[in-house]
Each structure stands twice: as C-alpha cells, then as structure tokens.
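Okay, structure first, notes after.
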Amino acid sequence: MKAYVFPGQGAQFSGMGKDLYENSALAKELFEQANNILGFRITDIMFEGENDELTQTKVTQPAIFLHSVILAKVLGKNFNADMVAGHSLGEFSALVAADYMTFEDGLKLVYKRAMAMQKACEQNPSTMAAILGLDDNVVERICSEIDGIVVPANYNCPGQLVISGSLEAIDEACEKLTQEGARRALKLPVGGAFHSPLMEPARLELANAIEATPFKNGNCPIYQNVTAKAESDPDKIKSNLIKQLTASVKWTQTMEQMQSDGLSKVIEVGPGKVLQGLFKKMDRALETESAQTLQ
C-alpha cells in the first residue's frame, strides 16, 4: 500500500514552489488564487524571500501548505494514495490533497491557524526542545515530574521526541533529561510551545473555523496526529483536527500503524525530505520517494 505524507513547519526554503509556478499552468493559477485569498503575494516571499521572511508564522504555514497541495494537484492521476498523513500543519495539506475539503477552505484554515498560533505565542512566552537518544517513556516520566507546563509534543521516531512548554519548565526538563542520559537536549528556534496546553487560546479560535468549514468524504483514509489511526468519517476527522493544536503529534505511532496496515511505499509531498528520513529510521528497507520526481 502506498502512503502520501505531508511535512509540517521547518521544511520551508527560499525558492520553494517556483519551478511548479513556472512549469505548470494549473500551479500558476492556484498560486495566484492563493495570493488573492491571503491578500498579499506570498509567492514573492516563497520564490525570492530571505530566510527571516519565510520563517514568519503567517508565511511559513501557508507557504508549506501551498507547496504541498499544489504539487499534489499537479500530479493529477499520479496522485493515487491508499493512505495519507501529515505532520502537524501537514495534516491540513493531506486533507485537501485527499479531497476532504477544498483548496480555498484549506488555505483559509491554515492561515487562521498560523495567526492564532502567533497570537498564543505572544501571550505565553514558551518554547520547544528536541530530545535525542532516550526512550519515550523516560521523557514522559521526566516531563510529568516537573512542576510547570512541559509535555511531549512530537513523537517523531524512536529515540527522537520533541517536548513543549514554558521557558523555565523546558530548561529544567532539558537538564534532567541530560542527566538521564539523553544524547542531546536541544532547544529549538521556535516562537512558542506548539502541541501543548499553552496553545489552548489558538485551539479555541481555530475550533470555530473548523466547525464552520464543510468537510466531505475523501479518496482514502487519513492517519491523524491525535490518534495515529486511520480515519475516514468527516465528523471524526474534524473532531480530531480541533484537538490537534494542544495534543501530541503521534508520528512514531502513525508510522508503526501504517506499517501494520500494509504500508509498502512512502511518497513525501512538499518541500524537503524530513518525513522520508523518519520512515527510514524506523525501517531502512522501506521504499521512499519525493513527489517532485513524479511530475
């Protein structure tokens, strides 16, 4: 079975999507539609922008979404997924690519999500840290013992878990996890504690927008971050999507579940190769590919 997977924040780079825009009439049309929806020329920043412009939350999230979804649309009949999944933001890309919602509605939700997260970050100074070389249960235990907000946020692959929380709690957790034998406890250059209780204001804001967005039956099951299980019921998908901002991204569990459900090949749709790398860490023999090569 073939899975198409969609990356999240951090995969952006200057020049992303430019080849699509220049070589596909459909891509150009969709990018221009996105400029109109957003009210600014995000394509100028994607194609020519400096790194600091690309890392602004209001740009990063819609930019990665657009690169991924437009690439999927350009593939046309070559996009033949048996299953899809997306890492954090990528879940929105996956939902549009698999026809659970429209391109326009997906972009509006992603932009709303980006702005709500930015606001939540400004309200609560917070951060994230990557913990390498420890079992998940050790990281979970240390987080639970700290007096303050710090939680497992991204289960990326075995031995790689990102934690999220207040500045003080993250510092304390990094110190204790290093003492426990972590190979690295590295604070990340992010503006806030994504996938933690500190994102609750953003979750509430986004929940109303998700509820108001029409979802339909898609082309294949989506493995959602919150449950790591295949889902195809639009109402359940909405419910899980609303929980996503304050819940952990269960990517390790998603990869394991996909494999037990018969996964044979992974195609990453969007900028970068991060997700292919995570699948390879789990199973070196698994066939992986970038959607860029399928155009």
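The values are calculated or read from the model by the stated rules, or taken from the named source; none is laboratory data. Keep in mind that this is a model prediction, so the values were computed, not measured. Here Cβ is always computed from backbone atoms with ideal geometry, including for glycine, and neighbour counts include all displayed protein chains.
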*asked:* Being in contact with a Ser or Thr (Cβ under 7 Å, 6 or more places away or on another chain) and of a type outside the set (A, V, I, L, M) is the filter here; which residues of region 162-180 pass it?
replied: Ser164, Gly165, Ser166
*asked:* Take Ser164 and tell me if it is part of a helix (DSSP H, G or I) and among the hydroxyl-bearing types (Ser, Thr, Tyr).
replied: no
*Just one of (1) at pLDDT 95 or above; (2) assigned to a helix (DSSP H, G or I); (3) of a type in the set (D, E, K, R) trips up Lys119, so point out which.*
(1)
*Could you please find all residues in region 49-67 being out of contact with any Ser or Thr (no Cβ under 7 Å at 6 or more places or on another chain) and either surrounded by 22 or more Cβ atoms within 10 Å (Cβ to Cβ) or part of a helix (DSSP H, G or I) (or both)?*
Asp52, Glu53, Thr57, Lys58, Val59, Thr60, Gln61, Pro62, Ala63, Ile64, Leu66, His67
*Among the candidates Lys229, Lys243, Lys281, Lys273, which residue alone is in contact with a Cys (Cβ under 7 Å, 6 or more places away or on another chain) and of a type outside the set (Val, Ile, Thr)?*
Lys281
*asked:* Against the conditions (1) farther than 25 Å from Glu268 by Cα; (2) at pLDDT 95 or above; (3) in a strand (DSSP E or B), where does Leu186 fall short? Just the number, please.
replied: (2)
*Test: Ala98 is out of contact with any Ser or Thr (no Cβ under 9 Å at 6 or more places or on another chain), small (Gly, Ala, Ser) and in contact (Cβ under 8 Å) with a residue 24 or more places away in the chain*: yes
*Name the pairs whose Cβ atoms lie under 7 Å apart, with the first residue in region 207-229 and at positive phi and small (Gly, Ala, Ser), the second part of a loop (DSSP other than H, G, I, E, B) and surrounded by 16 or more Cβ atoms within 10 Å (Cβ to Cβ), and 6 or more positions between them or separate chains?*
Ala228/Lys250
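With the structure loaded, tell me whether Ala129 is crowded, with 23+ Cβ neighbours inside 10 Å, touching a residue at least 40 places away in the same chain (Cβ under 8 Å), under 16 Å from Ser248 (Cβ atoms) and over 23 Å from the mean Cα position of the chain (by Cα) or whether it fails that test.
no
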_Complete set of residues in region 146-178 that are without any contact (Cβ under 8 Å) to a residue 12 or more places away in the chain and within 26 Å of Met282 (Cα to Cα)_ = Thr178
*When you go through (1) part of a loop (DSSP other than H, G, I, E, B); (2) crowded, with 21+ Cβ neighbours inside 10 Å one by one for Thr227, which number turns out not to apply?*
(2)
*In the list Gly270, Gly192, Gly262, which residue meets the criterion of being among the small types (Gly, Ala, Ser), modelled with pLDDT of 95 or more and in a loop (DSSP other than H, G, I, E, B)?*
Gly262
*For region 247-290, enumerate the residues that are surrounded by 21 or more Cβ atoms within 10 Å (Cβ to Cβ) and either of a type in the set (S, T, N, Q) or not assigned by TED's automatic domain parsing to the domain that holds Pro221 (or both).*
Ser248, Thr252, Thr254
*Of everything in region 11-42 that's in contact with a Gly (Cβ under 8 Å, 6 or more places away or on another chain) and in a loop (DSSP other than H, G, I, E, B), which residue is surrounded by the most Cβ atoms within 10 Å (Cβ to Cβ)?*
Ala11
_Answer from Leu177, Leu206, Leu198 - the residue that is within 30 Å of Asp105 (Cβ to Cβ), at pLDDT 95 or above, touching a strand residue (DSSP E or B) at 6+ places or on another chain (Cβ under 8 Å) and in a helix (DSSP H, G or I)_ = Leu198
*If you scan region 144-161, which residues turn out to be within 16 Å of Leu186 (Cβ to Cβ) and either among the hydrophobic types (A, V, I, L, M, F, W, C) or surrounded by fewer than 20 Cβ atoms within 10 Å (Cβ to Cβ) (or both)?*
Val150, Ala153, Cys157, Gly159, Leu161
